[in-house]
Amino acid sequence: MITLGRLRRRRFPYSGRWEAAFLSPVILTVLIAALAFSTPREIAFSRLFPAAPALAAAMWPVIPTLLLGAFCLVAMIVLSFFHTDLGTPYTGAAIVAVTLAAAYASHLRIRREEMLFHIRLVADAAQKVLLRPLPRRIHEVEIESLYLAAQEQARIGGDFYEAADTPYGVRLLIGDVRGKGLSAVGAASAVISSFREAAHDEPDLRGITQRLETSITRYIAGYPGPDLPERFATALIAEVPPGGGHVRIVNCGHPPPLLVHHGRTRVLDPSAPSPPLNLASLIGEPYCVDTVAFLPGDQLLLYTDGVTETRDHAGEFFPLPDWMARQGLMSPRELLDRLHRDLLRYSGGRLEDDIAALALHHADTSVTRPAPLTSPPTAM
């Protein structure tokens, strides 16, 4: 965890590996002084001394910024002994004025950084509640998760997932709220909270889906707006019953999962469409439950549309089924790590949408092996 002390040390690293950016004010000061002493008086490079403390304000704390300004003032005074008529009083006054202004700017910047630091702590805590680490294994099902935010500084978004060990088996949820910002995060939180309760209470997937529909409808109704009919969430609810053998799936307008069985990849399109969450009353379609064989050695990949809508420089979508078919036998963690790497390579390192994915592997129950309790932190 990053502490406030570490944050302050990062602003001005007195020890350890020095970054060139933090040394730039010193380099600029030395360069100006060298040019001022070695060039004719008429060129007057000494007038550039105020630029050094102004640059330091962007990355240094207050005291080092003041010290650099004092050094520039001393250098200007010493230079006046070698070159006369440099306008030392005017340049010295400019150095003092710029240094004081730079120190104040440095103080304001530090306060903003500390405020941002605490905001990020709150965002990290919210992410741990919304997208908490999943168990790596529930009975015979190995599970790994991946979350990638499209915005570099983002912590949470509208994509969500969850897994629960229930009396009815392993139940999983993955979904994507339409839109961005706090409204999307709030809707995702409402869906996840409802799932965490309903997954243990409802005996069938249709009951869970109806509970999710009710939760997101109530949440969105509390924030009326002109785009109310366009607010919805796609979701996929899956269930692996005790003992495995098959998986039940309700697909509410979500991208179809991929199943790998004996090295062959299959796209699990729903046999009948089910409406996205918050659109059931408008569309009126019933929830369809599909049952698919899920045997030891099989792999299942659940994902949001940010994966398949990742584009390359030519605007082509990421060919996920073809990519999945080229992957050999590997653990869920290795599969998601490779997916992460290949998505970034395919998009040139720039993601246009948030990405969430769950990788499942039906382990052979005849082989027992210890497993870690939780997954490693997801990627930002």
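The values are calculated or read from the model by the stated rules, or taken from the named source; none is laboratory data. Everything numeric here is computed off the predicted structure, so don't read it as measured data. Cβ placement follows ideal geometry from the backbone for every residue including glycine, while neighbour counts extend to all protein chains displayed.
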query = Take the residues of the stretch 171-185 that are within 17 Å of the chain's Cα centre (by Cα) and modelled with pLDDT of 80 or more: which is nearest to Thr217 (Cα to Cα)?
reply = Val177
request  = Scan the stretch 125-136 and give yes if some residue there is among the charged types (D, E, K, R), part of a loop (DSSP other than H, G, I, E, B), farther than 30 Å from Phe71 by Cβ and modelled with pLDDT of 90 or more, otherwise no.
outcome  = yes
remark   = When the stretch 234-249 is checked residue by residue, the ones that are at pLDDT 90 or above, part of a strand (DSSP E or B) and more than 14 Å from Tyr303 (Cα to Cα) are Glu239, Val240, His246, Val247, Arg248
key: Residues of the stretch 322-380 classified as at pLDDT 80 or above and of a type in the set (Val, Ile, Thr), total   = 1
query = Can you pull out the residues in the stretch 250-295 that are closer than 20 Å to Val307 by Cβ and not in a strand (DSSP E or B)?
reply = Gly253, His254, Pro255, Pro256, Pro257, Leu268, Asp269, Pro270, Pro276
Flag if Arg112 is under 32 Å from the mean Cα position of the chain (by Cα) and loosely packed, with under 13 Cβ neighbours inside 10 Å = yes
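If you scan the stretch 1-35, which residues turn out to be modelled with pLDDT of 85 or more and in contact with a helix residue (DSSP H, G or I) (Cβ under 7 Å, 6 or more places away or on another chain)?
Restricting attention to the stretch 1-35, the residues satisfying the condition of being modelled with pLDDT of 85 or more are 23-35.
Ser24, Pro25, Leu28, Thr29, Ile32, Ala33, Leu35 - these are the residues of the stretch 1-35 that are modelled with pLDDT of 85 or more and in contact with a helix residue (DSSP H, G or I) (Cβ under 7 Å, 6 or more places away or on another chain).
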Pick from the stretch 285-336, criterion in contact (Cβ under 8 Å) with a residue 60 or more places away in the chain and aromatic (Phe, Trp, Tyr), ranking: surrounded by the most Cβ atoms within 10 Å (Cβ to Cβ) = Tyr303
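Looking at Val289, is it out of contact with any Cys (no Cβ under 6 Å at 6 or more places or on another chain), more than 16 Å from Ile208 (Cα to Cα) and not acidic (Asp, Glu)? Quick ask: steps written out before the conclusion?
Working: out of contact with any Cys (no Cβ under 6 Å at 6 or more places or on another chain): yes; more than 16 Å from Ile208 (Cα to Cα): no; not acidic (Asp, Glu): yes.
It is false that Val289 is out of contact with any Cys (no Cβ under 6 Å at 6 or more places or on another chain), more than 16 Å from Ile208 (Cα to Cα) and not acidic (Asp, Glu).
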ask   = If you check Ala94 against the conditions, is it over 24 Å from Ala21 (Cβ atoms), modelled with pLDDT of 90 or more, out of contact with any helix residue (DSSP H, G or I) (no Cβ under 7 Å at 6 or more places or on another chain) and not acidic (Asp, Glu)?
value = yes
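Taking the condition surrounded by fewer than 17 Cβ atoms within 10 Å (Cβ to Cβ), modelled with pLDDT under 90 and of a type in the set (A, V, I, L, M, F, W, C), does Ile63 pass?
It is false that Ile63 is surrounded by fewer than 17 Cβ atoms within 10 Å (Cβ to Cβ), modelled with pLDDT under 90 and of a type in the set (A, V, I, L, M, F, W, C).
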task = Look at the stretch 316-359 and say how many of its residues are under 14 Å from the mean Cα position of the chain (by Cα), under 16 Å from Asp159 (Cβ atoms) and in a helix (DSSP H, G or I).
result = 1
query = Within the stretch 235-258, is even one residue on the phi > 0 side of the Ramachandran plot, under 25 Å from the mean Cα position of the chain (by Cα) and not basic (Lys, Arg)?
reply = yes
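Please go through the stretch 252-265 and give me each residue that is closer than 24 Å to Ala325 by Cα and crowded, with 16+ Cβ neighbours inside 10 Å, ordered by number. I'd like the intermediate steps shown before the answer.
Here is the first cut: in the stretch 252-265, the residues closer than 24 Å to Ala325 by Cα are 253-265.
Within the stretch 252-265, Gly253, His254, Pro255, Pro256, Pro257, Leu258, Leu259, Val260, His261, Thr265 qualify.
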task = Pull up the stretch 296-309, narrow it to residues that are in a loop (DSSP other than H, G, I, E, B) and more than 23 Å from the chain's Cα centre (by Cα), then point me to the one that is nearest to Trp323 (Cα to Cα).
result = Asp298
